[in-house]
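The values are calculated or read from the model by the stated rules, or taken from the named source; none is laboratory data. Computed from a predicted model, the values in this text were never measured in an experiment. FYI the Cβ positions are ideal-geometry reconstructions off the backbone, even for glycines, and counts take in every protein chain you see.
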Amino acid sequence: MENIELRLLNMNDYMELKDSMIEAYHSWAGSYWKEHHIETLLNIFPEGQIAVTVGDVVVGAALSIVVKYNDYGDDHTYQQITGNFTFKTHNPKGDVLYGIEVFIHPEYRGMRLGRRLYDARKELCESLNLKSIIAGGRIPNYHKYADQLTPKEYLQKVKMRELLDPVLTFQIANDFHIKKILKNYLSADEESGGYATLLEWNNIFYEKDPRKISLQKSAVRIGLVQWQMRLFPNLDALYEQIEFFVDTVSGYKSDFILFPELFNAPLMADYNHLSEAESIRKLAEFTFPLRDKFIEFAKSYNVNIITGSMPLVRDGDLYNVGFLCRRDGSHEMYEKIHITPNEIHYWGLVGGDKVKVFETDAGKIGILICYDVEFPELPRLLADQGMQILFVPFLTDTQNAYTRVRACSRARAIENECFVAIAGCVGNLPKVENMDIQFAQSVVFTPSDFPFPTNGVKAEATPNTEAVLIVDVDLDLLKELHHFGNVRTLKDRRNDLYEVRYLKGTE
């Protein structure tokens, strides 16, 4: 097979370009770009004129200009958008890449050369930080059905694959969506009946003002603490162990550090002579001092800290809460919503009622404590608010309890197209009632599609051993998945049939 190459067009290509275009539009006598047209395009916008060659012969091309789209709007003709074929409409400061031509020599169709040209255009659009690619698309098979179908009916049948249109079918397959139907867009196009589709491909990486420095990162580093339960002689000793992990994780320039649920339970050893319910309420006395220490560490070590969870007494009720301590010194509280039967029976815990997405300098995050991740409605509500990473501090005593948290966390990553990071406690606490044994394996889960690991596991720690897991995740991969994934669970949900919504108490 002869070599295929994608490259920029030049004037030496003109005769081959002309021959291929005449063959591509054989039903339009004399329909090809003249030499002065190509010369103008190469002078004003050389990077927008792309050729595909087979065996060093130009067999197709994609020609483009940049326009300030609001100057023309959706109701325009081909003649207007090209400035009566002078291309004076090209504006280097515009916001849209306008496709004025794509063709492939008929003998070379079926080699996916058109797809290569479209992909090159998309890369150009992204590199120039333009909003979108827009083009008027012919519907050359419409004349066969014009006496039976309106243009709208014809488009619908093509979209549903009941009919094949060589141009429109290809454009839909390349992620273009139809904005509207244009009438008299290209009056000479008798095959299309003078109609055209106004097509758009959106650049999901577009930034409105690239001159501003973006404070949000795309590559995010996460540190998970797989915490060994051990007895501490006093609160200062606990602080020292916490600072060790914060220091270690921040040394790797991490953006987040996640501690497990109720990691401070060893402090209950001094109250083991009390009932379980009384003991955990004594533990709640340390919550605000711990929060303040975490805020101090977040600022001094320049890392966002998710504090796992701690008990909190409020208006006489006992809650399980944690804190997001940002490295800028700000902090917010999150609450465990669902309480297990064990936690109700032994401790008298009650569930909170606030669920929200937190804004950080490294993306939008959600935080759910252990049992909460087993209720798929909560992560879906967070995903609807733009959550990119879900953090799950957990505490499980047995492997079957851990399996529930693990399996559900993995499912939440897939169905909500996000990363899910879970961290738990390991080891034993023989002097603390109802906290005797722990089992954990900390993991970062990903969606399941080509940019991600095949098994949906980005990284995992050694089970039941104290460890720190440092993991990098790329938030830009989530953007691509949302728009171009093999499945798109957020977009494809049948909102016309069912919905998940808040009822009360949320922020």
Note to self: Give me the strands (runs of 3 or more DSSP E) completely within the stretch 273-374, filtered to those with at least 3 residues that are in contact (Cβ under 8 Å) with a residue 12 or more places away in the chain, under 18 Å from C425 (Cα atoms) and among the β-branched types (V, I, T), ordered by residue number.
What the structure shows: none
Checklist line | Residue under evaluation L130, criteria (1) modelled with pLDDT of 95 or more; (2) surrounded by fewer than 18 Cβ atoms within 10 Å (Cβ to Cβ), criterion not met | finding: (2)
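Would you check if there is a residue in the stretch 55-70 being aliphatic (A, V, I, L, M), in a helix (DSSP H, G or I) and assigned by TED's automatic domain parsing to the domain that holds K179?
No, the conditions are met nowhere in the stretch 55-70.
Conditions (1) within 31 Å of the chain's Cα centre (by Cα); (2) without any contact (Cβ under 8 Å) to a residue 40 or more places away in the chain, marked per residue:
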residue: W33; (1), (2): no, no
residue: V52; (1), (2): no, no
residue: D56; (1), (2): no, no
residue: A61; (1), (2): no, no
residue: K68; (1), (2): yes, yes
residue: T82; (1), (2): no, yes
residue: K88; (1), (2): no, yes
residue: K93; (1), (2): yes, yes
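Yes or no, residue by residue, for (1) surrounded by fewer than 20 Cβ atoms within 10 Å (Cβ to Cβ); (2) modelled with pLDDT of 95 or more:
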| position | (1), (2) |
| --- | --- |
| H26 | yes, no |
| G30 | yes, no |
| P46 | yes, yes |
| Q49 | no, yes |
| V54 | yes, no |
| A61 | no, yes |
| G73 | yes, no |
| V96 | no, yes |
| P106 | yes, no |
Margin query: part of a loop (DSSP other than H, G, I, E, B) and closer than 25 Å to N486 by Cβ: which single residue out of D189, D147, D175 fits that description?
Written below: D175
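Let's see how each residue does on (1) assigned by TED's automatic domain parsing to the domain that holds M21; (2) in a loop (DSSP other than H, G, I, E, B); (3) β-branched (V, I, T):
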| position | (1), (2), (3) |
| --- | --- |
| I100 | yes, no, yes |
| F103 | yes, no, no |
| G114 | yes, no, no |
| L117 | yes, no, no |
| E126 | yes, no, no |
| P140 | yes, yes, no |
| H143 | yes, no, no |
| R161 | yes, yes, no |
| L164 | yes, yes, no |
Next item on the list: Mind telling me which of the residues D449, D472 ends up being of a type in the set (D, E) and either buried (at least 18 other Cβ atoms within 10 Å of the Cβ) or outside the structural domain of S275 (by TED's automatic domain parsing) (or both)?
Entry: D449
Checklist line | Some residue of the stretch 401-412 being within 16 Å of the chain's Cα centre (by Cα) and assigned by TED's automatic domain parsing to the domain that holds K458 | finding: yes
